[in-house]
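The values are calculated or read from the model by the stated rules, or taken from the named source; none is laboratory data. Worth saying up front: this structure is predicted, and the values here are computed from it rather than measured. Note that we place each Cβ from the backbone using ideal geometry, even for glycine, and neighbour counts take in every protein chain shown.
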Amino acid sequence: MMAAIDPVGALLRWLNAIDPPARALIGCAHAALPPVSADAIGVRLVGCVVDAGVDLPAQLLAAGIGRVEVVACPERPGAAADRTREWVRTLDGVAAVAADPHRRGHRSGPTFDLAHPALPRRLALGLGEPPLRLPFDPALPERDRALAALRVLADAGRAHLPESAGEEGDPAATLLAASGCTACGVCVRACPHDALVLDLADGVSTLRHLRDACRGDLACVRLCPERALAPAGVLTLLDVAREGTRELAAVSTRACRRCGTQHPVADGELCPTCTFRATSAFGSRLPPGTRPPG
């Protein structure tokens, strides 16, 4: 089975192989994308601009394109205008246009159709791939590229990442809250994406959420024996780009006298498992509230 083509990744590989155009003109499938001038490229979306995220213009700007212009959608003009305004608020260098005002004469730059991505044969075959010029690898997954692009632009003062992106953008990770954490580490081992880490320093075990890696699987919530983790909302791409790591809990811990496992200082010298074994010689105990017969 052939691997699915990553159309934006293909576009970025092509941009890496050429001098970056001064402008990119983005048009959705409903819009008549006008010819672009020789110093620009056209980018036709697979669907409507309403359904596109800030990741595309961010990657184009971070790739060296000076300005991204978005053609108005004739079928959903209001919603498309709202989407474009979101991009304009977030990224310097994005503008809404009705047509290509820079068109001069009959010369035309190329148009890249994301529905039918095509690369020059040598690039498609992996021959003569130029050295990486972009600030991120086009072969990275889409989400990782978008985060890298947003951070490149933020460092340059060209991306404005709000304290909370609210409902703007698709969910990119889960906002986690912790209460009653015992630093047992079950959540760390449960996460299939390695999005939680537990570090020990100076007698304190700190649980951190690596939002960059989180995919909202929630195995950590389901498997926590203390029910200490809970979802507290969703994080958009802008939220994750602004703060990739968040501390969830810090617990004063000590090593168990018997097995060496870290456990809360308040639990005494033994961890819960060793305490159970020490008080239950046969490895079992009655449920709480019950008494032995007789």
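One table, with the values for the structure above:
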item	result
Residue tally, condition touching a strand residue (DSSP E or B) at 6+ places or on another chain (Cβ under 9 Å) and assigned to a loop (DSSP other than H, G, I, E, B), over segment 35-49	6
Criterion: over 22 Å from the mean Cα position of the chain (by Cα) and within 24 Å of residue 160 (Cα to Cα) - qualifying residue of 72, 62, 29, 40	72
Failed item in (1) assigned to a loop (DSSP other than H, G, I, E, B); (2) at pLDDT below 90, with residue 273 passing the rest	(1)
Residue in segment 93-105 that is among the basic types (Lys, Arg), at pLDDT below 90 and assigned to a loop (DSSP other than H, G, I, E, B) present	yes
Some residue of segment 66-81 being under 22 Å from residue 9 (Cβ atoms), modelled with pLDDT under 95 and in contact with a helix residue (DSSP H, G or I) (Cβ under 8 Å, 6 or more places away or on another chain)	no
Residue 157 vs. criteria at pLDDT 95 or above and surrounded by fewer than 17 Cβ atoms within 10 Å (Cβ to Cβ)	yes
Test result for residue 250, at pLDDT 90 or above, touching a strand residue (DSSP E or B) at 6+ places or on another chain (Cβ under 9 Å) and either under 20 Å from residue 177 (Cβ atoms) or part of a strand (DSSP E or B) (or both)	yes
Of all residues in segment 141-154 being touching a Gly at 6+ places or on another chain (Cβ under 8 Å) and modelled with pLDDT of 95 or more, the one that is farthest from residue 238 (Cα to Cα)	145
Single match in 182, 206 (criterion: farther than 13 Å from residue 240 by Cα, in a loop (DSSP other than H, G, I, E, B) and not aliphatic (A, V, I, L, M))	182
Neighbours by Cβ (under 6 Å, 6+ apart or cross-chain): first from segment 180-202, on the phi > 0 side of the Ramachandran plot; second outside any loop (DSSP other than H, G, I, E, B)	183/205; 183/251; 183/253; 185/198
Filter pass, residue 32 being outside any strand (DSSP E or B) and modelled with pLDDT of 90 or more	no
Set 9, 53, 64: member being in contact with a Pro (Cβ under 6 Å, 6 or more places away or on another chain) and in a loop (DSSP other than H, G, I, E, B)	64
Residue, surrounded by the most Cβ atoms within 10 Å (Cβ to Cβ), within segment 17-36, restricted to residues that are touching an Asp or Glu at 6+ places or on another chain (Cβ under 9 Å) and over 19 Å from residue 72 (Cβ atoms)	21
When residues of segment 49-60 are limited to those that are in contact with an Asp or Glu (Cβ under 8 Å, 6 or more places away or on another chain) and within 14 Å of residue 159 (Cα to Cα), the one surrounded by the fewest Cβ atoms within 10 Å (Cβ to Cβ)	55
Complete set of residues in segment 14-29 that are more than 27 Å from residue 156 (Cβ to Cβ) and assigned to a helix (DSSP H, G or I)	none
